[in-house]
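We did not get these values from a lab; they are worked out from the coordinates using the rules stated. Quick caveat, the model's predicted, so the values are computed rather than measured. Cβ placement follows ideal geometry from the backbone for every residue including glycine, while neighbour counts extend to all protein chains displayed.
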Amino acid sequence: MHTIAVFPGSFDPLTLGHVDIVLRSLSLFDEIIIAIGQNENKAPMFTVEQRMQWIKDVCKDYPQIRVTSYHGLTINFCKEAGATHLLRGIRTVIDLEFERTIAAMNKQLMPSLETVFLLTSPSYTGISSSMVRDVIRNNGDASPFLPDGIIIGK
Ligand code: ADP
């Protein structure tokens, strides 16, 4: 079976935690689509074009990885993309509880789609895009949390 995993998220911005999950999943899937979900109720700090460009730059050496964006339900995007798997990262039990609900609903909406969770590598459990945005808003140095190639602020 040709496997296509969708890794959905806001990636506002992409962090070392996201990169860890994607790179570790390279051996699991034939193709990985990093998909930026555009949520009309959330005002992002960075434009979708900027977020996509960063991801493309960081993943440029991996032909298995594609980057795109979508509106609406993640599951509908997965159907359009012919996805076989949905990839998510789990940092804490809080993530797990949240993800469990989504995965259960997605299973009903698209039974053929398997959600795969990877546990965050220990050094990245403390990283979240929202905390990175906080650091940036307050003129701090966010570089310890960002991949090389994403330079924001200081
Ligand atoms: P969302 O808007 O869906 O929360 P995010 O961009 O915050 O999107 O996260 C996308 C995916 O990356 C989620 O599965 C999330 O659990 C995972 N993720 C976020 N931060 C990390 C991290 N530090 N380590 C591993 N996975 C992470």
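Please compute the length gained on full extension between Met1 and Asp141, using 0.36 nm multiplied by the number of residues separating them and subtracting their Cα-Cα distance.
46.0 nm
Once amide H atoms are built 1.01 Å from N in the peptide plane, which residues 5 or more positions from Thr115, or in another chain, come under 5 Å H to H?
Leu86
So the label point goes 7 Å from the Cα of Met45 along Cα→C-beta, right? Which residues of region 136-150 then have their backbone N under 14 Å from it?
Zone members listed by number: 136-147, 150.
With 10 angstrom as the radius, rank Phe117, Phe7, Phe98, Phe29 by how many other C-beta atoms surround their C-beta, starting from the fewest.
Going from least to most buried by this count: Phe98, Phe117, Phe29, Phe7.
If I model a spin label as a point 7 Å beyond the Cα along the Cα-Cβ vector, how far apart are those points for Ile102 and Lys60 in nm?
2.9 nm
Using θ = phi - 60° and the Karplus curve 6.51 cos²θ - 1.76 cosθ + 1.60, what whole-Hz ³J(HN,Hα) does each residue of region 40-49 get, with Gly and Pro shown as x?
Per residue, the Karplus-derived 3J(HN,Hα) values read 4, 8, 10, 8, x, 6, 10, 5, 5, 5 Hz.
Please provide three numbers in whole Å: the alpha-carbon extents of the chain along the principal axes, with the largest listed first.
45, 33, 32
Taking N as the number of residues in region 30-83, what is its Cα Rg relative to 2.2 N^0.38 Å?
Here the Cα radius of gyration is 1.18 times the empirical estimate.
To test your reading of the geometry: what angle, between 0 and 90 degrees and rounded to tens, separates the Cα axis of helix 93-109 from the longest principal axis of the chain?
40 degrees
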